[in-house]
Amino acid sequence: MTSQELERTKKAHAILRLSTLLHKRIIKDVVSIPADSNLDSLPLPSSSLVVASDDLVSTLYAPQTPSDTSKELAAFVKVIDNLRSTLLAILQEPSLADQMQAMSLQPCATQQKDPMKWFQTCFAQIQKAVDNLSLALTE
């Protein structure tokens, strides 16, 4: 593996690490939302993320072809964008627990963290890592 190939592989590793963390966090924060949420829209983008990740990894074996990696990276970005729109739509839906809490006359002593900010930050980091790999592919 050449030094350029190694550098591209490291940049792709950062993307894949972040997307794996994102996937784990979806299970922790989103799937635990009460059943009034529209979780039926998550399986397709979730499985597509796994396939796109695998396809991206398959282009990183030596000898690498930057055009193939670019093509799979573009497909990966489309999957991430689809997952982002699906996930943010789910997170914007008010949950039954939140609606009941809003109707309460008593202020709630415990404030729950909003997962939306974490997911937005994660998507921004993934985009930054994608931009770094894209730049490395054009060199």
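Using only the alpha carbon atoms of the range 1-87, find the Kirkwood hydrodynamic radius as the inverse mean reciprocal pair distance, in angstroms to one decimal.
Details: mean 1/r = 0.0715 Å⁻¹.
One decimal place: 14.0 Å for the Kirkwood radius.
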Entries in K28/K128; K11/K128; K10/K117 that, when Cα-Cα distance is taken, lie over 22 Å: K28/K128; K10/K117
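No value in this document is a laboratory result; all are computed from the given coordinates. Just so you know, these numbers come straight off a predicted model, no measurement behind them.
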